Amino acid sequence: MIPGPATLYPDPVTTSKRSESKAKMSLSQPDNSTRASIILVMGGALWGLYWIPVRFFYDHGLTGPWSGIVMYCAALIALFPFIWADRYMLARQWRDLMLSGMFTGAAFSLYSISLVYTDVVRSILLFYLTPIWGTLLGVVFLKERLSLMRLAGLICGLGGLFVVLGGAGFVPWPQNLGDWLALASGICWALGTLGLYKTGSITITGQVFAFVLGALLLSLVSLLALGGQALPNVTREGAVRIAGYAVLSAVYILPMIYMTIWPATKLSPAKVGLLLMSEVVVGIASAAALSGEPFGLREFLGATLIVSAAALEILRK
């Protein structure tokens with residue numbers, strides 16, 4: 001077919017109107033990275049409450065890694081129908097999934113275990129040294145530039161951490177096994193988010209599956225590494241009750257993970273680390289309200305600085 005004059009020489013008025021229409025549509029739709037940033041802040045807030053189910057299962061006799069193992073198994077069962085639909089894609093991209101899932105899952109597992117062995121505040125804050133690792137990884141591997149806004153966000157975030165840690169009366173250095181696990185989980189998370197950012201073509205369900213499976217596998221390995229982690233001593237009635245609670249935990253955990261993984265495929269590791277600091281605020285406040293851990297002026301000032309870090313990162317664009 002030979003193109004007519006209208007095709008060869010489009011009407012400039014029509015072309016202009018189409019351009020204006022596209023511009024209006026792009027303005028009316030929120031930027032993908034902005035939407036991802038907002039969702040990530042919300043996901044971080046849910047992470048701030050994650051210590052509650054971990055401690056709940058611990059109080060029901062699931063010590064050490066067992067709290068996480070029960071919740072991961074329930075989450076994988078809930079994911080199975082979705083994973084089955086994507087099984088061919090997962091088989092083709094298993095190497096990329098293994099890379100990201102190994103580190104993000106390790107972070108999930110180590111963080112969960114640390115909540116059993118140390119205070120909630122310590123666990124959260126030592127994990128959130130992760131912006132340091134995320135920024136370094138972004139500069140080295142993604143060739144990112146350290147802008148003034150990002151530096152300001154880092155200063156606010158780390159300043160908030162040091163304010164709160166100062167209130168706890170200790171130097172921000174691991175004091176026990178739980179502290180070391182929390183610190184290691186932050187490093188693993190920074191490495192894992194770098195993998196997520198580089199494998200954004202994989203479906204989010206696949207990434208979540210790798211995340212939870214990696215956490216389960218590392219938790220099973222930690223049973224041997226930690227030693228003395230025998231099968232939980234619970235009655236048959238207690239086991240049935242725990243199974244019911246585990247199913248309910250999947251309803252909470254899976255949306256929380258989705259709200260973490262999807263933004264991590266859209267945002268750089270440094271930005272992910274900063275925006276997830278919303279967990280610090282919710283975690284410290286909920287721990288103070290529900291577990292009796294201190295929340296005074298220092299904690300309030302530290303939380304304010306941390307929220308400022310997240311806001312600066314969102315507004316950096």
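Among the residues making up the range 269-286, those that are out of contact with any Pro (no Cβ under 8 Å at 6 or more places or on another chain) and under 17 Å from Gly160 (Cα atoms) are Lys271, Leu276, Ser278, Glu279, Val280, Val281, Val282, Gly283, Ile284, Ala285. Considering the conditions (1) within 30 Å of Val163 (Cα to Cα); (2) surrounded by fewer than 24 Cβ atoms within 10 Å (Cβ to Cβ); (3) under 16 Å from the mean Cα position of the chain (by Cα), Leu110 is excluded by exactly one of them, (2). Here Val164 fits the description: assigned to a helix (DSSP H, G or I), more than 23 Å from Pro263 (Cβ to Cβ), out of contact with any Cys (no Cβ under 9 Å at 6 or more places or on another chain) and modelled with pLDDT under 75. Name the residues in the range 283-306 that are out of contact with any helix residue (DSSP H, G or I) (no Cβ under 6 Å at 6 or more places or on another chain) and in a helix (DSSP H, G or I), would you? Passing the criteria: Ala285, Ser286, Ala288, Ala289, Leu290, Leu297, Phe300, Thr304. Considering every residue within the range 200-216, establish whether at least one is modelled with pLDDT of 80 or more and over 21 Å from Trp94 (Cα atoms). No, the range 200-216 contains no residue that is modelled with pLDDT of 80 or more and over 21 Å from Trp94 (Cα atoms).
Does Tyr9 fit the bill of being at pLDDT 75 or above, open to solvent by 50 Å² or more (accessible area, probe 1.4 Å) and either of a type outside the set (A, V, I, L, M) or over 29 Å from Ala243 (Cβ atoms) (or both)? For Tyr9, the condition - at pLDDT 75 or above, open to solvent by 50 Å² or more (accessible area, probe 1.4 Å) and either of a type outside the set (A, V, I, L, M) or over 29 Å from Ala243 (Cβ atoms) (or both) - is not met.
Determine whether Gly238 is out of contact with any Phe, Trp or Tyr (no Cβ under 9 Å at 6 or more places or on another chain), modelled with pLDDT of 80 or more, assigned to a helix (DSSP H, G or I) and small (Gly, Ala, Ser).
For Gly238, the condition - out of contact with any Phe, Trp or Tyr (no Cβ under 9 Å at 6 or more places or on another chain), modelled with pLDDT of 80 or more, assigned to a helix (DSSP H, G or I) and small (Gly, Ala, Ser) - is met.
Per the listing Val70, Val116, Val54, the residue uniquely among the hydrophobic types (A, V, I, L, M, F, W, C), open to solvent by less than 10 Å² (accessible area, probe 1.4 Å) and either in contact with a Lys or Arg (Cβ under 9 Å, 6 or more places away or on another chain) or at pLDDT 90 or above (or both) is Val54.
Check whether at least one residue in the range 124-142 is open to solvent by 50 Å² or more (accessible area, probe 1.4 Å), modelled with pLDDT of 85 or more and in contact with a helix residue (DSSP H, G or I) (Cβ under 6 Å, 6 or more places away or on another chain), and report yes or no. Scanning the range 124-142, I find no residue that is open to solvent by 50 Å² or more (accessible area, probe 1.4 Å), modelled with pLDDT of 85 or more and in contact with a helix residue (DSSP H, G or I) (Cβ under 6 Å, 6 or more places away or on another chain), so the answer is no. Are any of the residues in the range 226-233 surrounded by 12 or more Cβ atoms within 10 Å (Cβ to Cβ), out of contact with any Ser or Thr (no Cβ under 6 Å at 6 or more places or on another chain), in a loop (DSSP other than H, G, I, E, B) and modelled with pLDDT under 85? Checked against the condition, which is being surrounded by 12 or more Cβ atoms within 10 Å (Cβ to Cβ), out of contact with any Ser or Thr (no Cβ under 6 Å at 6 or more places or on another chain), in a loop (DSSP other than H, G, I, E, B) and modelled with pLDDT under 85, the range 226-233 yields at least one hit.
The values are calculated or read from the model by the stated rules, or taken from the named source; none is laboratory data. Given the structure is predicted, the values throughout are model-derived calculations rather than measurements. Counting neighbours? That spans all protein chains shown, and the Cβs are built from the backbone with ideal geometry, glycine included. Remember, those area values only see protein heavy atoms, side chains included, never the ligands or the DNA or RNA. Shrake-Rupley method; radii C 1.70, N 1.55, O 1.52, S 1.80 Å.
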